[in-house]
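Every read-out reported here was derived from the displayed coordinates using simple, explicitly stated rules and does not represent laboratory data. As the structure is a prediction and not an experimental result, all values here were calculated from the model. Don't worry about glycine lacking a Cβ; one is built from the backbone with ideal geometry, like all the others, and counts go over all protein chains shown.
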C-alpha cells in the first residue's frame with residue numbers, strides 16, 4: 001500500500017505544461033460494478049450489478065458522501081436455481097486538505113451495511129438459504145490529485161470493522177478521465193481480504 005500511495009504522489013506532481021481545473025467534492029456518479037471473491041472451493045464466485053454514489057461539499061474542506069451498490073449471480077442447479085445477492089449502502093463524512101494546487105490529503109469515516117442473501121428457487125417451496133445483514137464502520141485516509149488537466153487519480157487505505165465482522169484492512173485505487181468540466185469517466189478498484197470490487201461509471205461534477 002505504501003508503494004501505491006508513493007506512486008500516486010509522483011503521478012500527481014504538477015507538470016509545467018498542464019492546465020488543471022479544480023477537483024470537485026460535489027458530484028453524482030453511477031455505473032456498473034462487479035464483486036469477486038477469491039475462493040478455490042467455490043471457483044471464485046462473482047456477481048455483477050449497478051451502483052450509484054455521490055458527494056456534497058458542506059464547507060471548504062468538509063463533504064458528505066453516500067452510495068448504494070447491488071450485485072447478483074444466478075447458478076442453475078437441477079431441478080432449481082440458486083441466486084446470490086449482495087447489497088451495500090453507505091453514508092459518511094470526509095475532510096480534505098490541500099498539499100499543492102493539484103494534490104489533496106483526504107480522510108473519511110463511513111457507516112456501511114452489507115446485506116447478503118442466497119435464495120433457492122425454481123422448486124415447489126422456494127427458500128432463503130442465507131439472509132444476513134452486517135453493519136460496520138470504515139475509516140480511510142488517502143491522496144487525490146490531478147496529474148494532468150483531464151485526469152484525476154486517487155488512492156485510499158483504511159480499516160473496516162463491525163460487531164459481526166472481523167476487522168479487515170482495505171485499499172482502493174481510482175482514475176477519472178474528464179471529458180469536460182462537468183462530465184467524466186471513472187474506474188475504481190477496491191480490495192479487502194479475499195474480496196475485490198470493480199467500478200466503471202460516469203460522474204457529473206458541480
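With a cut-off of 8 Å between alpha carbons and a minimum separation of six or more residues, what is the relative contact order of the chain in percent?
So the answer I get is 21 percent.
Rounded to two decimals, what is the ratio between the C-alpha radius of gyration of the stretch 157-203 and 2.2 N^0.38 Å?
1.48
Distances over 25 Å make up what percent of all Cα-Cα pairs in the stretch 2-205? Walk me through the intermediate numbers first.
Working: 8674 of 20706 pairs.
Roughly 42 percent, once rounded to a whole number.
Please work out the ratio of the alpha-carbon Rg of the stretch 56-97 to 2.2 N^0.38 Å and round it to two decimals.
Expressed relative to 2.2 N^0.38 Å, the Cα Rg reads 2.04.
Would you mind calculating the gained length between residue 115 and residue 58 on full extension (0.36 nm times residue separation, minus the Cα-Cα distance), in nm to one decimal? Please report the intermediate quantities before stating the final value.
Details: separation 57, 0.36 × 57 = 20.52 nm, distance 2.92 nm.
Net length gain for the segment: 17.6 nm.
Using a Förster distance of 22 angstrom, determine the FRET efficiency expected from the C-beta separation of residue 32 and residue 163, and round it to 0.05.
E between residue 32 and residue 163, to the nearest 0.05, is 0.10.
What is the distance, in nm, between label points placed 7 Å from the Cα along the Cα-to-Cβ direction at residue 99 and at residue 125?
6.1
R0 = 41 Å: FRET efficiency of residue 181 with residue 133, Cβ-based, nearest 0.05?
Approximately 0.55, to the nearest 0.05.
Output needed for the stretch 100-150: three equivalent-ellipsoid semi-axes, defined as square roots of 5 times the C-alpha gyration tensor eigenvalues, in descending order, whole Å.
Output for the stretch 100-150: semi-axes of 44, 16, 5 Å.
Over its Cα atoms, what ratio of radius of gyration to 2.2 N^0.38 Å does the stretch 98-194 give?
The stretch 98-194 yields a ratio of 1.50.
Taking other Cβ within 10 Å of each residue's Cβ, how do 91, 84 sort, fewest first?
91, 84
Which angle between 0 and 90 degrees, to the nearest 10, do you get for helix 2-11 versus the longest principal axis of the chain when only C-alpha atoms count?
With both axes taken from Cα atoms, the answer is about 40 degrees.
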